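Colleague: Provided herewith is a single structure, encoded as C-alpha cells, for subsequent inquiry.
The values are calculated or read from the model by the stated rules, or taken from the named source; none is laboratory data. All of these numbers come straight from a predicted model, not from anything done at the bench. Glycine also receives a Cβ, built like all others from the backbone with ideal geometry; neighbour counts cover every protein chain displayed. The accessibility values were calculated without ligands, DNA or RNA, using every heavy atom of the protein model including side chains. Shrake-Rupley method; radii C 1.70, N 1.55, O 1.52, S 1.80 Å.
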Amino acid sequence: MYTLYHHAFCPHSRFIRLVLGEYGLDLTLMDERPWDRREDFLKLNPAGTTPVLVSDDMPPVPGAGIIAEYIDEVHGLAAKDRRLLPTSMAERIEVRRLMAWFNEKFFEEASGPLVTERIYKRFMSEDIGGGAPSMDVIRAANANVRYHLAYIGWLARTRNFLAGDRLTYADLVAAAHLSAIDYLGDVPWSEDDAAKAWYARIKSRPSFRPLLSEWLAGVPASRTYVDLDF
C-alpha cells in the first residue's frame, strides 16, 4: 500500500497517479497544498514540492522522476510486457529523455505557469504570491503550448506511441501535463489531429478515469476535458 502526497492539479502528481494506476497498485491519496509549506510535509520532502510517495518500509520518495524510477525498480520486472520503462538501453534513454522534456521543459514553459496562475494563485495568500493571475504569463504559456503540441503531434505521426511501439512513461507524463491544462481549456486540439488522436487513446485508459473525475470549485472543466470523443 502506497500513500501519495499530491495536489489534484499538479502535473507531476498526475503522472505518478497514472503510473500507479497502470500497475494496479493500491494507493491512498493525501491532498497537499505545497505553498502552505506544512512542517510535517517538509519533513517528507524539504523541497516542499509534490508528489511524495510513502510506504511503510521505505524512506519517503520525493519527486516524479525519482518515484517513477523507484516504481520501475520495485514493480517493473513483474509487469513483463506491461513494463512502462523498456528493457533495452536505447528505448530507456528515449523514454527518460521524454520524461525530462515534459517534467522539466514543458512544465517550466507551459503547464507550470498555467496551473500556478489559473489554479494555485486562487488559493494562495497575497504575501506568498497569490491574487489575480498574470495575463502576460498566461499568454506566453499558451503560446508555448502550441509548439509543444506540434512536437507531440510529430512524435505521434512517426511512432505508435510517443517513445516507440508501446505505452511507456513517456505517454503518461505527456498526458498528465496536458490533462492539467486541458481542464482549463488551454490545449488547442484543433491545431494537431495526430496529437489529439494520441491523447484520446491515452485518455480512454482506465488509469485516467480518476483524473477525469477531479474538479475545482468555481472553475468548471472544459468540454474537451470531460468528453472522451472530443
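Colleague: Express the accessible area of the chain per residue in Å², computed with a 1.4 Å probe while the remaining protein chains stay in the model.
Modeller: Accessible area per residue, the chain: 47 Å².
Colleague: So, one more: Would the chain count as rounded, prolate or oblate if I go by the C-alpha gyration tensor, calling it rounded below 1.5 in a/c and otherwise prolate when a/b exceeds b/c, oblate otherwise?
Modeller: It is oblate, given that a/c is not under 1.5 and a/b is not larger than b/c.
Colleague: Over the chain, with a Gaussian network built from C-alpha contacts below 10 Å, which listed residue (Leu42, Leu18, Leu162) shows the highest mean-square fluctuation?
Modeller: Leu42
Colleague: Still on this structure, please answer the following. What is the stretch 181-230's relative contact order, in percent, from Cα pairs under 8 angstrom and six or more apart in sequence?
Modeller: It rounds to 53 percent for the stretch 181-230.
Colleague: Tabulate in residue order the Karplus-calculated ³J(HN,Hα) for the stretch 216-226, using 6.51 cos²θ - 1.76 cosθ + 1.60 with θ = phi - 60°, rounded to whole Hz; enter x for Gly and Pro.
Modeller: 10, 4, x, 10, x, 5, 5, 4, 5, 5, 9
Colleague: Can you classify the stretch 29-150 as rounded, prolate or oblate using the Cα gyration tensor, where a ≥ b ≥ c are the square roots of its eigenvalues, rounded means a/c under 1.5, and otherwise it's prolate if a/b beats b/c and oblate if not?
Modeller: Cα axes put the stretch 29-150 in the oblate bin.
Colleague: Let me ask you something else. What relative contact order, as a whole-number percentage, does the stretch 115-230 give when Cα pairs under 8 Å and 6 or more residues apart are counted?
Modeller: 22
Colleague: With a 10 Å radius around each residue's Cβ, average the other Cβ atoms per peptide and rank 151-157, 88-94, highest first.
Modeller: 151-157, 88-94
Colleague: In whole Å, what is the distance between the alpha-carbon centres of the stretch 1-75 and the stretch 105-148?
Modeller: 22
Colleague: With a 1.4 Å probe and every protein chain kept in, tell me what percent of the accessible surface of the stretch 106-225 is carbon plus sulfur.
Modeller: 53
Colleague: I've got another one for you. If you take the beta carbon distance between Val74 and Asp36 as r and set R0 to 35 Å, what does 1/(1 + (r/R0)^6) give as a FRET efficiency, to the nearest 0.05?
Modeller: Efficiency at R0 = 35 Å is approximately 0.70.
Colleague: Using a 10 angstrom cutoff on alpha carbons, build the Gaussian network for the chain and name the most mobile of Ala175, Ala64, Ala150.
Modeller: Ala150
Colleague: Give, as a single signed number, the net charge of other residues whose beta carbon lies under 12 Å from the beta carbon of Asp81, with Lys and Arg counted +1 and Asp and Glu -1.
Modeller: Within the 12 Å Cβ shell, the charges total +3.
Colleague: Please work out whether the stretch 64-131 counts as rounded, prolate or oblate from its C-alpha gyration tensor, where a ≥ b ≥ c are the square roots of the eigenvalues and a/c under 1.5 means rounded, while otherwise a/b larger than b/c means prolate and anything else oblate?
Modeller: Because a/c hits 1.5 or more and a/b exceeds b/c, the stretch 64-131 counts as prolate.
Colleague: Moving on. What is the sum of charges, Lys and Arg at +1 and Asp and Glu at -1, for the other residues whose Cβ falls under 14 Å from the Cβ of Pro210?
Modeller: Local charge sum for Pro210: +1.
Colleague: Then there is this: Cut-off 10 angstrom, C-alpha nodes, Gaussian network model of the chain. Which of Thr49, Thr158, Thr116 fluctuates the most?
Modeller: Of Thr49, Thr158, Thr116, the Gaussian network model singles out Thr158 as fluctuating most.
Colleague: While we're on this one: Within a Cβ distance under 12 Å of Thr116, other residues only, what is the Lys/Arg minus Asp/Glu net charge?
Modeller: +1
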